[in-house]
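The structure under discussion appears below in the form of structure tokens.
The values are calculated or read from the model by the stated rules, or taken from the named source; none is laboratory data. Note that the structure is predicted; figures quoted are calculated from it, not measured. A quick note on method: Cβ atoms are made from the backbone with ideal geometry, for glycine too, and the neighbour counts reach across all protein chains shown.
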Amino acid sequence: MKKPEALWFVYVLECMNGRLYTGITTNLDERFAKHCSGKGAMFTRLNRPSRMIGAISFLNRSEASRLEWTIKQLTPECKRETALGWPTKRLPKIVRRKL
């Protein structure tokens, strides 16, 4: 039996200084913990995250990567508005509780 492929998530974090970070992962909880511990991306080592403001799921990495690139081209205001509008009902219950 073939193992089901993991969902990929595009997520936007708000940092303590108000800056935003966009990334992709297959495990939102683990990735957020890495960012908070300073072991994530260089950006979040310098700009500690305070919360995840939104996440959206995809069936494959390719689609998630395309959206990540698109989001990174937006202004901070547009990033925030976009992430806050993502349909959290598509996410696992454990993730929805953390948003």
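Listing for the model above:
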| read-out | value |
| --- | --- |
| Pick from the stretch 7-41, criterion surrounded by fewer than 14 Cβ atoms within 10 Å (Cβ to Cβ) and either among the hydrophobic types (A, V, I, L, M, F, W, C) or part of a strand (DSSP E or B) (or both), ranking: nearest to the chain's Cα centre (by Cα) | Ala33 |
| Any hit, the stretch 42-59, residues being in a strand (DSSP E or B), aromatic (Phe, Trp, Tyr) and at pLDDT 95 or above | no |
